[in-house]
Amino acid sequence: MNIEELNKKFEKSSPEEILEFFLEKYSGKIALSSSLGAEDQVLTDMIVKINKNTQIFSLDTGRLFPETYSLLEQTNKYFNINIELFSVVIFENKFL
């Protein structure tokens, strides 16, 4: 399907219907990168209701506030999921 066909197909669809289509079509190949912000919490809720096995991950930049880790834990507990946390490796630039 091209973009025009997809736009027509989903013209009157709800966000949940659109997510369901793509979660099924790309099962095992699709994931949500969550910043744990309000909009990503809404997407997490929708995704978990459609397919609880969909991968959800977040990036740990090494500069997250303690409240962010707490929210991650609360989110995992609330939805009974395990949001994967990927750490970023930071290299110090040195010029010789």
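The values are calculated or read from the model by the stated rules, or taken from the named source; none is laboratory data. Here the structure is a predicted model, which is why all the values come from computation and not from measurement. Backbone-built Cβ (ideal geometry, glycine too); neighbour counts: all protein chains shown.
Below are the figures for this structure:
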| item | result |
| --- | --- |
| Exclusive hit being of a type in the set (Val, Ile, Thr), at pLDDT 95 or above and touching a Leu at 6+ places or on another chain (Cβ under 9 Å), set ILE81, ILE47 | ILE47 |
| Any hit, region 68-78, residues being loosely packed, with under 13 Cβ neighbours inside 10 Å, in a loop (DSSP other than H, G, I, E, B) and at pLDDT 95 or above | no |
| Selection within region 60-78 - within 19 Å of ASP45 (Cα to Cα) and aliphatic (A, V, I, L, M) | LEU71, LEU72 |
| Yes/no for GLY62 being more than 26 Å from MET1 (Cα to Cα) and either touching a strand residue (DSSP E or B) at 6+ places or on another chain (Cβ under 9 Å) or in contact (Cβ under 8 Å) with a residue 40 or more places away in the chain (or both) | yes |
| Test: ILE18 is among the aliphatic types (A, V, I, L, M), part of a helix (DSSP H, G or I) and surrounded by 11 or more Cβ atoms within 10 Å (Cβ to Cβ) | yes |
| Residues (in contact (Cβ under 8 Å) with a residue 24 or more places away in the chain and either of a type in the set (Gly, Ala, Ser) or surrounded by 12 or more Cβ atoms within 10 Å (Cβ to Cβ) (or both)) located in region 21-34 | LEU23, SER27, ILE30, ALA31, LEU32, SER33, SER34 |
| Condition check for THR44: in a helix (DSSP H, G or I), surrounded by 12 or more Cβ atoms within 10 Å (Cβ to Cβ) and under 12 Å from the mean Cα position of the chain (by Cα) | yes |
| Filter pass, PHE86 being surrounded by fewer than 13 Cβ atoms within 10 Å (Cβ to Cβ) and touching a strand residue (DSSP E or B) at 6+ places or on another chain (Cβ under 8 Å) | yes |
